[in-house]
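Working notes, beginning with the structure itself.
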Amino acid sequence: MEKKKLVVVMNGQGGVGKDTLCDALRTVYQVVNISAITPIKEIAAAYGWNGEKDERSRRFLANLKRTFADYNDLPNRYLLGEYERFCSGPADILCVHIRESDQIEKFVSGVALPCVTILVKRDMGERGRRYGNDADDGVGRYRYDYEFDNNGSIEESAERFRALIRSVLLSH
């Protein structure tokens, strides 16, 4: 039987637990976790950004990412390169973090493997505010295949997320 592979495009506001959910999959699957912002963070760090996650830095990174997306499609080219490595590697699941709806659509249309899009939501209380940049504030603009409610304990959410991914794999 051929091993099934799945691409999971994840989005959600900062701090809703996207990386934690990807980590939860590692108890059952071999997972690669990538983000469209990675090459942008590397460029920004080379020129003075110190890794801050404050509003000003988030806006800077979002604007820089949009500039590169418009100029030479760097974020998507990076993701597609990582996707190609995933296709020929041993991992089962590729978790891909992309914020902007047009960039999600572009990436999804460029992959041949089964791919699902998931919006992760969690009650953020005071933190559930606007960030002041289109990338963070516009996460709800895309029509996702699934919305995942990440409220509850880490263990309970992890089990529900593994069950969701298991059901998606079985249906493809």
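The values are calculated or read from the model by the stated rules, or taken from the named source; none is laboratory data. Values in this document were obtained by computation on a predicted structure and should not be read as measured data. Cβ placement follows ideal geometry from the backbone for every residue including glycine, while neighbour counts extend to all protein chains displayed. Accessible surface is based on the protein model in full, side chains and every heavy atom, while ligands, DNA and RNA are left aside. Shrake-Rupley method; radii C 1.70, N 1.55, O 1.52, S 1.80 Å.
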> What whole number of Å gives the distance from the Cα centroid of segment 67-127 to the Cα centroid of segment 1-31?
Replying inline: 12
> What size of dipole, in debye to the nearest 20, comes out for segment 70-135 about its Cα centre when the only charges are +1 on Lys and Arg C-beta atoms and -1 on Asp and Glu C-beta atoms?
Replying inline: 280
> Kirkwood Rh, Cα Rg: Rg to Rh for the chain?
Replying inline: 0.95
> Going from most exposed to least, what order do PHE60, PHE68, PHE107 have by accessible area with a 1.4 Å probe?
Replying inline: PHE60, PHE68, PHE107
> Per-residue ellipticity at 222 nm for the chain, helices alone: DSSP H runs ≥ 4 residues times -39500 (n - 2.57), over residue total, nearest 500 deg cm²/dmol?
Replying inline: -14500 deg cm²/dmol
>> Using Cα-Cα distances under 8 Å and only pairs 6 or more residues apart, what relative contact order does segment 19-154 have, in percent?
In response: 28
